[in-house]
1. Which of the residues spanning the range 1-22 are aliphatic (A, V, I, L, M), over 17 Å from LEU129 (Cα atoms) and in contact (Cβ under 8 Å) with a residue 40 or more places away in the chain?
2. Report yes if LEU72 is buried (at least 16 other Cβ atoms within 10 Å of the Cβ) and closer than 17 Å to SER2 by Cα, otherwise no.
3. Within the range 137-153, which residues are surrounded by 12 or more Cβ atoms within 10 Å (Cβ to Cβ) and part of a loop (DSSP other than H, G, I, E, B)?
4. Which residues, taken from the range 35-67, are charged (D, E, K, R) and closer than 18 Å to ASN19 by Cβ?
5. List the pairs whose first member sits in the range 93-114 and is over 21 Å from ILE78 (Cβ atoms), whose second member is of a type in the set (Ser, Thr, Tyr), and whose Cβ atoms are under 8 Å apart, counting only residues at least 6 apart or on separate chains?
6. Cβ-Cβ distance below 6 Å, separation of 6 or more or different chains: which pairs start in the range 29-54 with a residue that is farther than 21 Å from THR70 by Cα and end on one that is among the small types (Gly, Ala, Ser)?
7. Scan the range 36-65 residue by residue and report those that are of a type outside the set (Lys, Arg), closer than 21 Å to ASP135 by Cα and surrounded by fewer than 17 Cβ atoms within 10 Å (Cβ to Cβ).
8. Only one residue in LEU20, LEU7, LEU27 is surrounded by 20 or more Cβ atoms within 10 Å (Cβ to Cβ) and in contact with a Lys or Arg (Cβ under 9 Å, 6 or more places away or on another chain), so which one is that?
Amino acid sequence: MSNQVYLSVGSNMGDRQANLSEAVKLLNQKEQITVEKVSPVYQTQPVGGVVQDDFLNIAIRLTTTLNAYTLLDVFHEIEQDLRRKRLIHWGPRTIDLDILYFNHETYHDKKLVIPHPEISNRRFVLIPLLDVLNDDTLIAQTKQQLKTTSDKNWVEILN
């Protein structure tokens, strides 16, 4: 069975563009993952109050035969490969891969929370996500979240 997954990917350390490209490349190298669409790259203002450099963010639509927990493990491996260090909550990072949606399933335990709980509070997630969505329900929901979000941080597309 193939699972439809949407994710958010961000980087604000080192060569941010190269980090995003490498993450997509590593995803594509996994036999059980098919990257279907990648959004344009957006430069975004960091959130969370930690003083840090601006992020580059993308959204990705993929299909996978992996379950959500195994996919999360793959994402953590990719983050490790790209030298992600988890030192400061919401702090700087070479790469961050977050599962936003996994089919229309809900998970809520110590390891995994899907849909991602911060989607509606993050313009840097909502705007790129609209570029890759192909699910009418999620498109309508995301447009509504974008209208009502309290997030006022800037998000600009890179040419």
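1. MET1, MET13
2. yes
3. Within the range 137-153, THR149, ASP151, ASN153 meet the criteria.
4. ASP53, ASP54, listed by residue number.
5. HIS104/THR137
6. Going by the 6 Å Cβ cut-off, the qualifying pairs are SER39/ALA59; VAL50/GLY91.
7. Matches in the range 36-65: GLU36, PRO40, THR63, THR65.
8. LEU7
Coordinate-derived values only; no laboratory data. Please read all numbers here as calculations on a predicted model, not as lab measurements. Cβ sites come from the backbone with ideal geometry, for glycine too, and all protein chains shown count toward neighbours.
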